[in-house]
Structures are given as structure tokens and as C-alpha cells.
Amino acid sequence: MHELQAIAWLPGLDGVEQHCWQQFLACSLDVVEAVNVCLKGAHDLSIRDVLLLELLSRPKRREHRLCTLAEALGVSQGQLSTQIRRLEGHGWITRSPTQGDPRGILPRITSAGHTRLHAVMETYAQGIRVHYLNQLKHEQMVNLVDSCRRINDSLSTNGRRAGLTAARSSG
């Protein structure tokens, strides 16, 4: 159980709402931590590293600009640059100047990165299954997907998601 469950009573939330929020927060943090432990132990990578490598493995080169990748990963461009340098040190990513913009950097996954990604994705999927999916029945998964979609849709209205990305980047 996560330490955040000891959070003080939140004003304006009834008992069910308080419990719902505490369970969601603790569960999401614990599941991400458990999957990160699997990835770190097997491959010395984090979920964010896996997501970056997976994004770079996609064929659409325009989507690989730093600003687009940073937004997709919910990190600042500085954080992403540090992550890219680290993965570049392992030989899984290269960086090259963007055509037409000498200041721009275009990261690319290397053949070694592609090879590594296959094994990493198997570990990632196994971690998700063991720590998340195996705990749910099919109907619960369907309901959870619907709940998450509704929450994400509400965050997307009126540019709230862009504001959240900007807040993450400055934090």
C-alpha cells in the first residue's frame, strides 16, 4: 500500500470520493513503480525510456521533433534532452540536426535500439500483465477503459491537457 493513502481528509470530498481518489492515486503510483522495477531490473530502462524508444520506432519522422516528443511524454525539452543523451550513450538513439533548422535536433532510434526494443516491450507487457491486468476481470477492464476515457476527454476540453503539459514542464 502506498504512503499517500495517509493523506489528510480533503475538503469538499465525501467518504466515497475521498476513498476513490486515494485508491486511484496509490494504485496508479504503485503500478507504475512496479513496472519500472521490472524494466530497470531487466533492461536498466524506465517506462519513459520505453515510451520514447517506441515513439522513435514509428516511421513518421515529423513526430520525432523534440517539442512533439516532450509533449507526448509529458516532460520538458530539457528533461527529454537528458534522457536522449543517456540513451545515446547506450547506442540506442542517435541525434542529428533537423533539415532546415540547424538549431533543431532530430533523435532517431538505432538498429541496436530497435533490436533492444523488442525484448524490452516483452518485459513491459509482462510487467503490465502481472501487476495490473491479472488483477482485473474483463468487465472491470472495459469499465476502467471507459472511466479513463471520460476523464481524459474532460481534461482535453478547453485546452486543459495543454495546460497540464506546460505545468509538468515547468515543475
Furthest towards positive pole of dipole, Gly104, Ile151, Leu55, structure part the chain, Cβ charges
Gly104
Taking only Cα atoms and a 10 Å spring cutoff, compute GNM fluctuations for the chain and point out the largest among Gly89, Gly100, Gly127.
Gly100
How large is the charge dipole for segment 12-71, taken about the Cα centre, if only the Cβ atoms of Lys, Arg (+1) and Asp, Glu (-1) carry charge, to the nearest 20 debye?
580 debye
About its Cα centre, segment 55-145 carries a charge dipole, from +1 on Lys and Arg Cβ atoms and -1 on Asp and Glu Cβ atoms, whose size in debye to the nearest 20 is 260 debye
Scan around Thr98 for amide H atoms under 5 Å from its own, H built in the peptide plane at 1.01 Å from N, and keep only partners 5 or more places away or cross-chain.
Gly104, Ile105, Leu106
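Ordered by packing density, taken as the mean number of other Cβ atoms within 10 Å over each peptide's residues, highest first, how do 131-144, 20-33 rank?
Listed from highest to lowest mean packing, they are 20-33, 131-144.
With an 8 Å Cα cut-off and a minimum separation of 6 or more residues, compute the relative contact order for the chain in percent. Write down the numbers at each step before the final one.
On the way: 137 pairs, mean separation 36.4, N = 171.
Reported as a whole number, the value is 21 percent.
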Once amide H atoms are placed 1.01 Å from N in the peptide plane, what residues at a sequence separation of 5 or more from Thr110, or on another chain, have their amide H within under 5 Å of its amide H?
Ile93, Thr94
Label-point gap, in nm, between Ala119 and Asp146 - each point 7 angstrom along Cα→Cβ:
4.2 nm
With all distinct Cα pairs included, what does the Kirkwood hydrodynamic radius of the chain come out to in Å, to one decimal, could you say?
18.4 Å
Relative to the longest principal axis of the chain, what angle (0 to 90°, nearest 10) does the C-alpha long axis of helix 138-156 take?
70 degrees
Longest principal axis of the chain (C-alpha) makes with the long axis of helix 111-131 (C-alpha) an angle, in degrees to the nearest 10, of 10 degrees
Treating the beta-carbon of each Lys and Arg as +1 and of each Asp and Glu as -1, no other charges, what is the dipole magnitude of the chain about its Cα centre, to the nearest 20 debye?
880 debye
R0 of 41 Å, Cβ-Cβ distance Arg129-Arg85: FRET efficiency to nearest 0.05:
0.80
Would you calculate, for the chain, the mean residue ellipticity at 222 nm contributed by helices, counting each DSSP H stretch of 4 or more residues as -39,500 (n - 2.57) and dividing by all residues, to the nearest 500?
-21500 deg cm²/dmol
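All of the numbers you see were taken from the coordinates with simple rules; none came from a lab. Just so it is clear, the model here is predicted, and its values are computed rather than measured. Reconstructed Cβ throughout: ideal geometry from the backbone, glycine too, with neighbour counts over all protein chains shown.
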